[in-house]
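The values are calculated or read from the model by the stated rules, or taken from the named source; none is laboratory data. Everything quoted here is computed from the prediction, not taken from an experiment. All Cβ positions, even for glycine, are placed from backbone atoms using ideal geometry, and neighbour counts span all protein chains on display. With ligands, DNA and RNA removed, areas are computed over all heavy atoms of the protein, side chains included. Shrake-Rupley method; radii C 1.70, N 1.55, O 1.52, S 1.80 Å.
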Amino acid sequence: MSKTKHYSIERKQARWGFLFTVPCLLFFAIFSFYPIINAFFTSLTNRDVLKKSWKFIGFENYTYLFFPDKYGTNGGFTLWNSLRASLTFTMGTFIPMVVISLILAVLLSQLRSTRQKGFFQISYYMPAVLSSVVAASIWMILFDPRGLVNQLSNWVMHTEGRDFQWLTDNTMLQVSTMIVYFWKYIGYFVILFITGLASIPPTIYEAAIVDGSTRWHTFWKITLPLLKPTIVLVSIMAMLQCLKTFSTQYMFVQNGAARQPIDVITMNIYYTGIRMRKIGRASAMSIVLFVIMLLLTYVQFALSKTDEVDY
C-alpha cells in the first residue's frame, strides 16, 4: 500500500514538473525549432522577396551553392569563398581569444586588491557592452592611414609615414576584422573564466603549496584540469560567436572596404536574401551554416570528453 502511495506522489510531482516545463518547450519550439524547419523548407523552393508565387525545386539551391561553376560564380562571392572567409576569421579570432582570456583571468584572479580586480574587470568588459556597429566605427577611425593604429605600427616597426593599408589590403583587412572582434568580446570571456576560477576551492591550492608545488606546476596540474568545463563552455561560445559574425564585416564593406576577403557566410546570406531577393538560396546557406556549427560543436564535445569535475 505504501509503495502505491509513494508511486502516486512521484507521478503527481512528475506531472507538475512537466507542466512547468511546457512554457519553456513552447518558447523553444516557436522561436528556435520552427525557424530551423521553416528555413529548411524554404531552402527547397525558389522564393523571392517581392514575388508571391514560388515553386518547389528540391535541392537545386544546394547544388548551386556547392557546384557554382554550373551556374556562374556570381562575381566570386560563392559559398566556398564565404566558408573560407568564415573559417579564416574564426580560427584567427577564436583561438587567441580563448587562450589570452584564460591568461588574463588567471592574472586577475591573483590580484589581492579588490579595487584593482574590479577596475580591470570593468575595463575589459566595457567593450562587450558597446554595439557592434559602434565598435566597428571606432576601429575604422583608428585604422585610418592617419589613425592611431597606423602611427603605432610605424613606431613599432621603426618606419615613418608608411601606410599599412589596414582597410585596403586583403590580408590586413582580415586581420583588422579579427582585431575588432577580439577587442570587443575578450572581456566577456575573461569574466567567464574568472567565474570558473572562483568555483575552485582554495583548499586545493593550499594543499598544493604545502606539498611544495610551484605556480607553473599548480596551473598545469590543478587549475587547468579543474577548469576544463569552463574552457569547453568558453571555446564553444567563442567559436559560435565568431561563426555568426556579421556587423563588423558589413560596416567595413559599407565604408568602402573590399567585400570578397571578408565575405563571411552571414554577410553572403544577407546579400543573397535581401539585396538579390533570393530567399530560398539564402535559406540554403543558413542551413549549411547551422550544420557546420552543429558539427563543430559536436567535435569539440567529443575531443574534450567533458566529465563532471569532483573537487
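What residues qualify as long-range amide H neighbours of Thr45, i.e. H under 5 Å apart, gap of 5 or more or another chain, H built at 1.01 Å from N?
Ile57
Using a Gaussian network model of the chain whose springs link C-alpha atoms within less than 10 Å, name the residue from Ile36, Ile231, Ile209 with the highest mean-square fluctuation.
Judging by the Gaussian network model, the answer is Ile209.
Tell me the carbon and sulfur percent of the accessible area for region 1-153, rounded to whole percent, probe radius 1.4 Å.
Solvent-exposed carbon and sulfur of region 1-153 make up 70 percent of the total.
Got a number for the accessible area of Met172? Probe 1.4 Å, square angstrom, nearest 10.
50
Compare Leu107, Leu226 by solvent-accessible area with a 1.4 Å probe and give them largest first, with all protein chains kept in place. Each step should come with its number before you reach the end.
Values: Leu107 100, Leu226 30 Å².
From most exposed to least exposed: Leu107, Leu226.
Name the residue, out of Tyr270, Tyr181, Tyr205, whose mean-square fluctuation peaks in a Gaussian network model built on the chain with Cα pairs under 10 Å.
Of Tyr270, Tyr181, Tyr205, the most mobile in the Gaussian network model is Tyr205.
What are the ³J(HN,Hα) values, in whole Hz, obtained from phi via the Karplus relation 6.51 cos²θ - 1.76 cosθ + 1.60 with θ = phi - 60°, for each residue of region 220-234 in sequence order, with x given for Gly and Pro?
Ordered by residue, 3J(HN,Hα) equals 6, 9, 10, 4, 5, x, 6, 8, 4, x, 5, 4, 5, 4, 5 Hz.
Given the -39500 (n - 2.57) contribution per DSSP H run of 4+ residues, what per-residue ellipticity at 222 nm results for the chain, rounded to the nearest 500 deg cm²/dmol?
For the chain, the value works out to -22000 deg cm²/dmol.
Rank Asp69, Asp144, Asp263 by mean-square fluctuation in a GNM of the chain with C-alpha springs under 10 angstrom and give only the top-ranked residue.
Asp69
How much accessible surface area, in Å² rounded to 10, belongs to the heavy atoms of Leu130 with a 1.4 Å probe?
60
Give the total of Lys-Lys pairs in the chain with Cα-Cα distances below 17 Å; include a pair only if its members are 8 or more places apart or on different chains. Don't skip to the answer; put the middle values down first.
Values: Lys3/Lys12; Lys51/Lys278; Lys52/Lys278; Lys55/Lys278; Lys184/Lys244; Lys228/Lys305.
Number of lysine pairs found: 6.
Compute the accessible area per residue over the chain, keeping the other protein chains in place, probe 1.4 Å, unit Å².
Counting only protein heavy atoms, the per-residue value for the chain is 62 Å².
For region 176-186, take each phi angle, set θ = phi - 60°, evaluate the Karplus expression 6.51 cos²θ - 1.76 cosθ + 1.60, and give the result in whole Hz per residue in order, putting x for glycine and proline.
With the stated coefficients, region 176-186 comes to 4, 5, 5, 5, 4, 5, 4, 4, 6, 10, 4 Hz.
In terms of solvent-accessible area of protein heavy atoms at a 1.4 angstrom probe, what is the ranking of Asp163, Asp211, highest value first?
Details: Asp163 70, Asp211 130 Å².
Output order, biggest surface exposure first: Asp211, Asp163.
Just to verify a number: what accessible area does Ile37 come out at with the full protein assembly present, 1.4 Å probe, Å² rounded to tens?
We get 120 Å² for Ile37.
Heavy atoms only, probe 1.4 angstrom, no DNA, RNA or ligands counted: give me His158, His217 ranked by accessible area, highest first.
So the residues, ranked largest to smallest area, are His158, His217.
Using θ = phi - 60° and the Karplus curve 6.51 cos²θ - 1.76 cosθ + 1.60, what whole-Hz ³J(HN,Hα) does each residue of region 37-43 get, with Gly and Pro shown as x?
Using θ = phi - 60°, the values come out as 5, 5, 5, 5, 5, 5, 5 Hz.
With Rg and Dmax of the Cα atoms in Å as the read-out, I listed (1) 24.7, 91; (2) 51.1, 172; (3) 19.5, 59; which label goes with the value calculated from this structure?
Looking at Rg and Dmax of the Cα atoms in Å for this model, the match is (1).
Could you please report the charge total around Leu44, scoring K, R as +1 and D, E as -1 over all other residues with beta-carbon less than 13 angstrom from its beta-carbon?
Charge balance near Leu44 sits at +2.
Mind checking the log10 I(q)/I(0) for region 194-244 at q = 0.28 Å⁻¹? Debye, one equal scatterer per Cα, no solvent, two decimals.
-1.05
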